[in-house]
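One structure is given below, encoded as structure tokens.
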Amino acid sequence: MALSSRQLTGSNFAYQHLPFDTFLDDAADLGREKLELWGIAPHLHVPRLSDADARGIRRSVEARGLTAYCLTPEQVMYPVNVASPVGWLRTESIALFRRAAELCVELGAKLLLLTPGRGYENEAPAAAWRRSVDAIGEIAAYAGSLGVECVLEPLQRVESNLVNDSRTLAAMLDEIGADHLGAVLDTVTMAVAGESVDDAFDALGDRVRHVHLIDGRPAGHLAWGDGELPLQDYLAALDRRGYDRWMTFELFGDGRYALDPRTAVEQCHARVGLT
């Protein structure tokens, strides 16, 4: 299976050391239509981004024939944690995502990507689980009132002690019970958990509404061809399971991709036989 260009977003993952306009120019030049926007400084830092700023970004995006599809605020690498036992941190984290939902409206983005956060390693898991469920439910309800759909992404165990595989993600989605809250399938997290695409769809079904398509060993968030994950098998399985929504190359690696992100993106395109 060749990945259709109509299913692949452009993304500013790995562009953090370049101007945002450079990313937009590359995305347009490489034939992208939709964008997943990583909410980082200085590009789209949610706590500092005004409505006017977001509308300006939207104009820059649309001037190149592109549209924003998904906003993914940074929420793993610095203090954003909706499951935190520290009251002020959890409150501010929830507020950040509520603000991100408002910015989705200004950007024209249909999706807001969430992660479950984590509790202390030495506390009862049920307490952190409850904090996460309540927070994500609140955020999803607020986003839904604005016409924005949320998607929840499982994380590797080193990133979260709450949701690390598709079965646990399904359990959290079931408990929250929001129609406008779906799931993200991340191929690296999936592989680290020892799961397959079919395992994910067996657990989540049509709630899989976004995919991070990325290589690894099995971790690493690598450009296709720099890892060992079975790219073609994943694509074939996604096709067999009827997945027809958008996918993103989430390029982090060890920092080298940020030195020359376009080359890494072009490598991904070539390896998947992008049409």
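Taken over the stretch 238-252, the residue count meeting the criterion of being open to solvent by 30 Å² or more (accessible area, probe 1.4 Å) and assigned to a loop (DSSP other than H, G, I, E, B) is 6. Of all residues in the stretch 8-34, those that are on the phi > 0 side of the Ramachandran plot have Cβ atoms under 7 Å from Cβ atoms of residues that are at pLDDT 95 or above and among the small types (Gly, Ala, Ser), 6 or more apart or on another chain, in 14/258; 14/264.
Every listed requirement among (1) more than 16 Å from residue 163 (Cα to Cα); (2) touching a residue at least 24 places away in the same chain (Cβ under 8 Å); (3) charged (D, E, K, R) is met by residue 131 save one, (1).
Here's the yes/no breakdown for (1) within 25 Å of residue 182 (Cα to Cα); (2) modelled with pLDDT of 95 or more; (3) not hydroxyl-bearing (Ser, Thr, Tyr):
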site	(1), (2), (3)
7	yes, no, yes
25	no, yes, yes
38	yes, yes, yes
61	no, yes, yes
84	yes, yes, no
93	yes, yes, no
98	yes, yes, yes
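The values are calculated or read from the model by the stated rules, or taken from the named source; none is laboratory data. For clarity, every value in this text was computed on a predicted model and none was experimentally measured. All Cβ positions, even for glycine, are placed from backbone atoms using ideal geometry, and neighbour counts span all protein chains on display. Ligands, DNA and RNA are excluded from the accessible area calculation, which covers all protein heavy atoms including side chains. Shrake-Rupley method; radii C 1.70, N 1.55, O 1.52, S 1.80 Å.
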